[in-house]
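Scroll down for the structure; my scribbles are underneath it.
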Amino acid sequence: MSPSTEVSVLTRFCRVLSLLLKKLLNFVAMRKLLTRILNRVLLSKLFTPAMCGEAEIHTEGRRRLVVGLGNPGMEGTRHSVGMAVLAALAARLGVADRWRGDKHVSGEVIVVSPVVLLRPRLLMNLNGVSVAKAAGKFGIRPEDIVLVHDELDKPLGKVVVKHGGSARGHNGVRSCVDCLQTDVMSRLRVGIGRPAGKTSVERYVLGRFSSEEKKVLDSVLAQSVDLLLSQLALQDSQPPSSPAGGGRAAAQRAKETKSSSSSSPAAAAAQS
């Protein structure tokens, strides 16, 4: 093959590769747009049952909302570890048998005044719809919401408390930010690590924990519950703040706190 022919083949290959990348970017952008539109549609009055009787909006006192992000029916997977943490929290509080479906929030709730626990019954990409509906029903401000979710960029055994900020690529958090129209919500980011070898991220997060991972999972859940209870106690000691300013305001009010543990439930706080 002559040099000119090699250059021609290489040029064609680059053009094809560029075209594929453009199509991929367009697909990702379109997927995000469609998800945002679906979030808006599901939040509309058309898909929101009228509230009456015991479903009246609650506004007494300052309530907190703790949400376990995940996919319904897939509670045992890495992507739904937030739901596992919420189950552990309910068990610690002695209310594990009090989950009840609530069509007005598209999820399951437990009310342990002044805390409301929520497990969305919508797909991860639409979890924000449940969160926004629950916040509206129970009169909860965005800054009084804690989102519990999986975190690819942290190894299993590391749990991070983050106050506000961007979704960092997490679709469930992105849905919450979109539906609540602010990013001041606190997050409990539970590390699950990244896949090894050629395993795709999607297959990895939707898969169940391995036998080795399960050996440390109980301590991770216990550690996560300890941090949640500490966060709720800390919020109770602070006066209400305005969500204005989004992540920038949240960053000025509080620094990110980390806590990591390889296999022990002991929590150590450190700045992110």
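Computed from the coordinates by the stated procedures, all read-outs in this text should not be read as laboratory data. As the structure is a prediction and not an experimental result, all values here were calculated from the model. Virtual Cβ from ideal backbone geometry, glycine too; neighbours counted across all protein chains shown.
Data overview
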| read-out | value |
| --- | --- |
| FRET efficiency estimate (nearest 0.05) - Cβ-Cβ, Ser211 to Arg92, R0 35 angstrom | 0.90 |
| Extension gain from Lys103 to Arg168, taking 0.36 nm per residue of separation minus the Cα-Cα distance | 20.4 nm |
| Residues whose placed amide H lies under 5 Å from that of Val146, excluding near-sequence neighbours | Leu65, Val66, Val67 |
| Within the range 58-123, GluC sites (Glu not before Pro) in DSSP loop having at most 13 other beta-carbon neighbours inside 10 Å | Glu60 |
| Amide proton proximity set for Lys158, modelled H, under 5 Å, gap of 5+ | Gly191, Ser261 |
| Phi to ³J(HN,Hα) by Karplus 6.51 cos²θ - 1.76 cosθ + 1.60 over the range 150-166, Hz, x for Gly, Pro | 6, 9, 5, 7, 10, x, 4, x, 10, 10, 10, 9, 10, 9, x, x, 5 |
